[in-house]
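Here is the structure we will look at.
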Amino acid sequence: MLAEKLLLNVLITLAPVLLYSIFKDDKQKVISRLMCGLTQSAAAVSCMLFSYSNYGFNWDLRYVPLIISILYAGPAVGGIVFGTMFGARVIIGGDTVVFGLVNIFLIALVSFLLRRKFWNAAAKKRVLIATVIGGWSLILCYMSFITYRYFNGNFFKLDFYIPDVLLVGLIETLAIVLGAKLYEGIIDKKRMKEEIQRAEKLNTLGELAASIAHEVRNPLTVVKGFLQLMQQQEEGKNYEYLSLVLSELGRAESIISDYLNFAKPKFEKIETFQLKEVLSEVAMLLKPLAVKQGVELKSELDASDFSLVTDRNQLKQALVNLIKNGIEATPDGGIVTIHSKIDNNQAAIQISDTGKGMTQEQLSRIGTLFYTTKDKGTGLGTSVSLRIIETMKGKVSYQSELGLGTEVTMVLPVSKKEELLIS
């Protein structure tokens, strides 16, 4: 009978996750969260109603929706489920009502406290953390059970062979793992959808930028050639004017080259080199800019050997752009740190600053053409840098808090010469 009730509870706890994956609407986040909170609350209360009574206790999986909602859906949804469960337990009443309320509070508290660490972990570790919190709920229930028996005249002893408790533990662990896996599937699906949309957008913009850049570059080259001829025959103020015009034409050509590089980065010279050498060169190159801005540029580089096979100049361009962004976003007296760590067949480069930081909306738009948080600029440098790293089969991620600074993490795998030539 207990196994049947618990398996029914498993289906009840999984139903909200499945409904959420079907009816989730990113455009109406408030409604989506409210729906999630209500369905998870309904699942928790349903588990409490379809419970199995034995030893004076009700055995069910009511804590699974609470743990899952707090960890995956957020504090607002978790708060709705917590409030509903607390109220429902008071209404149900009984001799064990105090134990039930204490358990709900302590399980919710631990889930809230571990939520930040939970989201900083990888997908597999997130499932493990959810399972561990589920284990914590089982320990609380077991201690409540032992304490309840003690207050009812039994000796206080830790009896580890209670078939009902063992069965509850096994099935609750199964329910939490399945619920967490389903949520991880939703997260992966959303991430893949965003990556596909971003890739399509970048390809379209890249093709457009390349076609426009080619068309504009040709007349610019002709104009520049005639201006150079005119400059050779001019003197005085006209010579200065022509020098200024040629300088601006050079800047325009540089921007056009960036557009072409964004469309498809060209790796002209593939060579093997040490990553730490390039990082040291870039740090030395940007030191004067940091001093001018009143910013301290620190380097914490891993001394391990890590060879890359790619275009050295393209990598330097990407690093210069990203570190330069950090320096320019940091106020006088701030710090920009370049940190590298070698791990097996990949290297992680972190560029952190103590600047103004960014909001979540700004973070989501990083890498988009024509978007920048600077007063002056086109955002093209960042877009080109991200394209270069992607072409190297690397990944770039951003973390930022408003008023605290930004951290850019760049992961570069060991690349093969053939892969780069094909791409």
Residues of the range 312-343 being under 22 Å from the mean Cα position of the chain (by Cα) and either without any contact (Cβ under 8 Å) to a residue 40 or more places away in the chain or in a strand (DSSP E or B) (or both), in sequence order, are VAL336, THR337, ILE338, HIS339, SER340, LYS341, ILE342, ASP343
Any chance the range 234-251 includes a residue that's at pLDDT below 75, among the small types (Gly, Ala, Ser), more than 23 Å from the chain's Cα centre (by Cα) and assigned to a helix (DSSP H, G or I)? no
What are the residues in the range 40-65 that are more than 36 Å from the chain's Cα centre (by Cα) and in contact (Cβ under 8 Å) with a residue 12 or more places away in the chain, if any? PHE50, SER51, TYR52, ASN54, TYR55, GLY56, PHE57, ASN58, TRP59
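Conditions (1) at pLDDT 80 or above; (2) closer than 22 Å to ILE68 by Cβ; (3) open to solvent by less than 40 Å² (accessible area, probe 1.4 Å); (4) outside any helix (DSSP H, G or I), marked per residue:
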site	(1), (2), (3), (4)
VAL165	no, yes, yes, no
LEU170	yes, yes, no, no
LEU174	yes, yes, no, no
VAL177	yes, yes, no, no
LEU182	yes, yes, no, no
ASP188	yes, yes, no, no
ARG198	no, no, no, no
LYS201	no, no, no, no
Residues that are part of a helix (DSSP H, G or I), of a type in the set (Asp, Glu), within 25 Å of the chain's Cα centre (by Cα) and at pLDDT below 90: does the range 291-308 have at least one? no
Filtered residues of the range 344-371 (kept if closer than 28 Å to ALA199 by Cα and in a loop (DSSP other than H, G, I, E, B)): ASN345, GLY357, MET358, THR359, ARG365, ILE366, GLY367, THR368, LEU369, PHE370, TYR371
Complete set of residues in the range 258-283 that are hydrophobic (A, V, I, L, M, F, W, C), part of a helix (DSSP H, G or I) and either at pLDDT below 85 or surrounded by fewer than 19 Cβ atoms within 10 Å (Cβ to Cβ) (or both): LEU260, PHE262, ALA263, VAL278, ALA283
Looking only at the range 44-60, which residues are at pLDDT 90 or above and over 15 Å from THR84 (Cβ atoms)? none
VAL81: of a type in the set (A, V, I, L, M) and more than 21 Å from LEU6 (Cα to Cα), yes or no? no
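Here is a yes/no grid of residues against (1) open to solvent by 20 Å² or more (accessible area, probe 1.4 Å); (2) over 33 Å from the mean Cα position of the chain (by Cα):
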{"position": "ILE67", "(1), (2)": "no, no"}
{"position": "GLY74", "(1), (2)": "no, no"}
{"position": "VAL77", "(1), (2)": "no, no"}
{"position": "VAL98", "(1), (2)": "yes, yes"}
{"position": "LEU101", "(1), (2)": "yes, yes"}
{"position": "LEU109", "(1), (2)": "yes, no"}
{"position": "VAL132", "(1), (2)": "yes, no"}
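The values are calculated or read from the model by the stated rules, or taken from the named source; none is laboratory data. What you see is a predicted model, and the numbers here were worked out from it, not measured in a lab. So basically every Cβ, Gly included, is an ideal-geometry build from the backbone, and we count neighbours across all protein chains shown. Each accessible area value is taken on the protein alone, full model and side chains, heavy atoms only, with ligands, DNA and RNA left out. Shrake-Rupley method; radii C 1.70, N 1.55, O 1.52, S 1.80 Å.
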